[in-house]
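Single-structure report; data block below.
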Amino acid sequence: MGKLIVTEFMSIDGVAQAPGAPEEDPEGGFEYGGWQAPLIDRDEEHFIFEQAKGMDALLLGRRTYEIFADYWPTAPAEFDFTALINRVPKYVASRTLETPLSWDTASLLQGDLAESVTELKDRFGHVHVIGSLDLVQSLLRLGLVDQLNLWVYPLILAGGKRVFADGAVPAALRLTESRVFANGTLKLEYETAGEPAVGDIGADVERLT
């Protein structure tokens, strides 16, 4: 079976809304659309693309699909990401969109979410999810996420849609890779590792002394 890899760009306080442009997603009166743009540099862009090159399929929620479909089909060809994201098969989890979708190689997931995503993981080696915050919560609840790539930027946005919002399920994570960029951004790669363990710090201290 393949891997489901979630990539999120977020502030230190977990906000991931509209990193790319001011009008990307102003829902809820969000005032900081485009917050990632002043911080991202060429080294970071290159690293993001190198990771994305392993993408065999892209899974998106409705809102992120609409944002991407409005931009990437006509994005400048000199952007490394343009050819890749337009080429790979894309699957959209939505109860409101209707077929056919406007973006080439994009189609709606059919039927039960857990079953359809499991089928994607059976067909493709690396299924990537970008943004799609509501969908990510559902995928985590269903235990379908294998890897989390969290890009944490040195910002506190104090409001907006968060990666781990209300309704997130408890989970243990295992750090498999980390990197610090010159602008202070952290790239943290985690594998999911079951449920959180608990203990008694006082008892553990006594045991170790």
*Considering segment 42-88 alone, what residues qualify as being open to solvent by 70 Å² or more (accessible area, probe 1.4 Å) and closer than 19 Å to Val136 by Cα?*
Arg62, Arg63
*Select from segment 151-166 the residues that are open to solvent by less than 80 Å² (accessible area, probe 1.4 Å) and of a type in the set (Val, Ile, Thr) and write down the one among them that is nearest to Ile40 (Cα to Cα).*
Val152
*Scan Thr105, Thr99 and give me the residue that is hydroxyl-bearing (Ser, Thr, Tyr), at pLDDT below 95 and touching a Leu at 6+ places or on another chain (Cβ under 6 Å).*
Thr99
*Determine, yes or no, whether Leu133 is open to solvent by 10 Å² or more (accessible area, probe 1.4 Å) and under 14 Å from the mean Cα position of the chain (by Cα).*
yes
*Enumeration of residues in segment 97-132 that are among the hydrophobic types (A, V, I, L, M, F, W, C), in a helix (DSSP H, G or I) and either touching a Gly at 6+ places or on another chain (Cβ under 7 Å) or under 13 Å from Lys3 (Cα atoms) (or both)*: Val117, Leu120
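The values are calculated or read from the model by the stated rules, or taken from the named source; none is laboratory data. A quick note: this is a predicted structure, and the numbers were derived from the prediction, not measured. A quick note on method: Cβ atoms are made from the backbone with ideal geometry, for glycine too, and the neighbour counts reach across all protein chains shown. The area values use the complete protein model at the heavy-atom level, side chains included, leaving out ligands, DNA and RNA. Shrake-Rupley method; radii C 1.70, N 1.55, O 1.52, S 1.80 Å.
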